[in-house]
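Report on the following structure.
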Amino acid sequence: MRTVKSYTDQELLDCLKSGDQQAFAEIYNRYWKVMYFHALKMLGDEDDAKDLVQELFVTLWTKGINIPFNSNLSGYLYITARNKIINLIQQKKVRRDYLSALTAFAEEAGNGTVEQIDEKELLLIVEKEIQNLPVKMRQVFELSRKQFLSHKEIATQLEISDKTVKKQIGYAIRMIKLKLDVLTRISIILFFLK
């Protein structure tokens, strides 16, 4: 009697499509280390690589039924991992850009104001301004800046165009920056009136 360890990738994939947990466990054992080292090479961070590979196998389990028959299992895993790596790199870039923009704004506001408003207060103010955005704009902005989705992913999820997503994010940033600019000026005036 054959065990799942002796199955070919195609046989494992066929079993996985019918919800076979042993087949999934064998795929995991067979490919986890290879996928981990691939992700580590691309990302350069052990924790990110581990998280990404765990997410890869969760996706395989939850969406395995949708993999076309006669697909190449290792090819599917590499392509899915590559896409997840690209998304993670883009998310990190968006996060860095967002923090850089906040830092640049704080520097423009002047040291006196920055000393008056600590980081927690600034984040609370920003969050309050995000909540004051129009509903659709807030939804687009939060998907971009909090869930780190790409413009295309947001457009697909909300069934709008990429161009609309880009405009909504641009408007949201301008509105938040305008409100923060007003608050900064008020803080400066209050600082000098003390």
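Reducing the stretch 125-168 and the stretch 25-89 to their Cα centroids gives an inter-centroid distance of 28 Å. Between Gln147 and Gln91, the modelled label-to-label distance comes to 1.2 nm, taking each label 7 Å out from Cα in the direction of the beta carbon. Computed from backbone phi with θ = phi - 60° and the Karplus coefficients 6.51, -1.76 and 1.60, the 3J(HN,Hα) list for the stretch 161-174 is 7, 4, 5, 5, 4, 4, 5, 4, 5, x, 4, 4, 4, 4 Hz; x is used for glycine and proline.
FYI, it's all coordinate maths here, none of it is from the lab. Here the structure is a predicted model, which is why all the values come from computation and not from measurement. For neighbour counting, all protein chains shown are included, and Cβ atoms are generated from backbone atoms with ideal geometry for every residue, glycine included.
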